[in-house]
Amino acid sequence: MTAASTQFAALLGPAVGGLLIAGPGLAVCYAVDAVGFLVFSAALLFVRPLPPAAPDTAPDAAPNKGVRQAFTSVADGLRYIRGHRLVVGLLLIDAAAMVFTMPQALYPVLADEQFGGGPGLVGLLYAAPALGALVGAATSGWTARAGGHALIGAVLLWGVSLTGFGLTSLLPLALVLLALAGLGDLISETLRSALLQHGTPDGLRGRVSSLWMVQATVSPTLGNAAVGFLAELTSASAAVVTGGVVCVVATLAVAAAFPALRRATLAAPGE
């Protein structure tokens, strides 16, 4: 449900923003955005406070005893990750999907140079992956019994779709490919998170998940910076194609190097 609502907002927001910029103008777009923040911030005042949770003695819930304990907790998480091939494979395949394959920073340039459009088209480019991700979220029930092979396939779908997007100058095909990329991204994100939770002991889950969240936050930012620099050296479309190819090659390399990733499954024994 969270994924579906997030992707619906990601679908509607860029499309409406593009229409507002192309119509009334940029100032109106920012004004609508500001009003939206005020309305939903005010709505939080009507949310009833949650009662405090019962005391928990698990290691991740222990009270903070200073900087030394914080560093010790991080070190425990890093030691577990280093010795667990499945978790290492999940982190590497996440990096393969994100670091060189984040074309969002190039959408304005691509809309102008590759498709000959304006702000409205930029909004469509941003909205198309969200549409695919929304479809993926609505049909993701099957992932509860999936595993490493489905994860690898979803990341390959992301990379191949973006490679095709960078190669085509046909707008309808480009939007379909971006939607497929969004679907692959949603499925891969769902499976990466589920497999990480499934493969981590309770006592270390908080620390390992926090380290994964750091990478999940940093990698897309590095990816947008990387394709931006590459576009400066070559062109926007060449940067997208190069990133897609690198994603496919890196994903296949990680899949080959980590059998534990290929064998991982969320299915119950006997299913």
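Selection over segment 68-102 of residues that are farther than 30 Å from residue 230 by Cβ and at pLDDT below 80 gives a count of 17.
Among residues of segment 221-237 that are within 11 Å of residue 103 (Cβ to Cβ), those with a Cβ under 9 angstrom from a residue that is polar (S, T, N, Q) and in a helix (DSSP H, G or I), sequence gap 6+ or separate chain, pair up as 223/104; 224/104; 227/104; 227/242; 230/242; 231/237. Could you tell me whether segment 263-271 includes any residue that is surrounded by 16 or more Cβ atoms within 10 Å (Cβ to Cβ), within 14 Å of residue 92 (Cβ to Cβ) and small (Gly, Ala, Ser)? Checking segment 263-271: at least one residue is surrounded by 16 or more Cβ atoms within 10 Å (Cβ to Cβ), within 14 Å of residue 92 (Cβ to Cβ) and small (Gly, Ala, Ser). Inspect all residues belonging to segment 180-201 and state whether any of them is in contact with a Pro (Cβ under 6 Å, 6 or more places away or on another chain), aliphatic (A, V, I, L, M) and either under 15 Å from residue 105 (Cβ atoms) or not in a loop (DSSP other than H, G, I, E, B) (or both). Yes - at least one qualifying residue is present in segment 180-201. Got at least one residue in segment 247-264 being outside any helix (DSSP H, G or I) and in contact (Cβ under 8 Å) with a residue 24 or more places away in the chain? Yes, segment 247-264 contains at least one residue that is outside any helix (DSSP H, G or I) and in contact (Cβ under 8 Å) with a residue 24 or more places away in the chain. The numbered conditions (1) among the aromatic types (Phe, Trp, Tyr); (2) surrounded by fewer than 21 Cβ atoms within 10 Å (Cβ to Cβ); (3) under 21 Å from residue 130 (Cα atoms) are all true for residue 165 except (2). Could you please let me know if residue 136 is touching a helix residue (DSSP H, G or I) at 6+ places or on another chain (Cβ under 9 Å) and over 27 Å from residue 234 (Cβ atoms)? Yes.
Let's see how each residue does on (1) among the aliphatic types (A, V, I, L, M); (2) on the phi > 0 side of the Ramachandran plot:
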site	(1), (2)
108	no, no
111	yes, no
116	no, yes
133	yes, no
138	yes, no
151	yes, no
154	yes, no
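Restricting attention to segment 131-153, the residues that are open to solvent by 10 Å² or more (accessible area, probe 1.4 Å) and either among the hydrophobic types (A, V, I, L, M, F, W, C) or at pLDDT 90 or above (or both) total 12.
The values are calculated or read from the model by the stated rules, or taken from the named source; none is laboratory data. The shown structure was predicted, so the numbers you read here are calculated from the model rather than taken from an experiment. Neighbour counts are summed over all protein chains in view; Cβ atoms, including those assigned to glycine, are modelled from backbone coordinates with ideal geometry. In case anyone asks, the SASA skips ligands and DNA or RNA and just uses the protein heavy atoms, side chains included. Shrake-Rupley method; radii C 1.70, N 1.55, O 1.52, S 1.80 Å.
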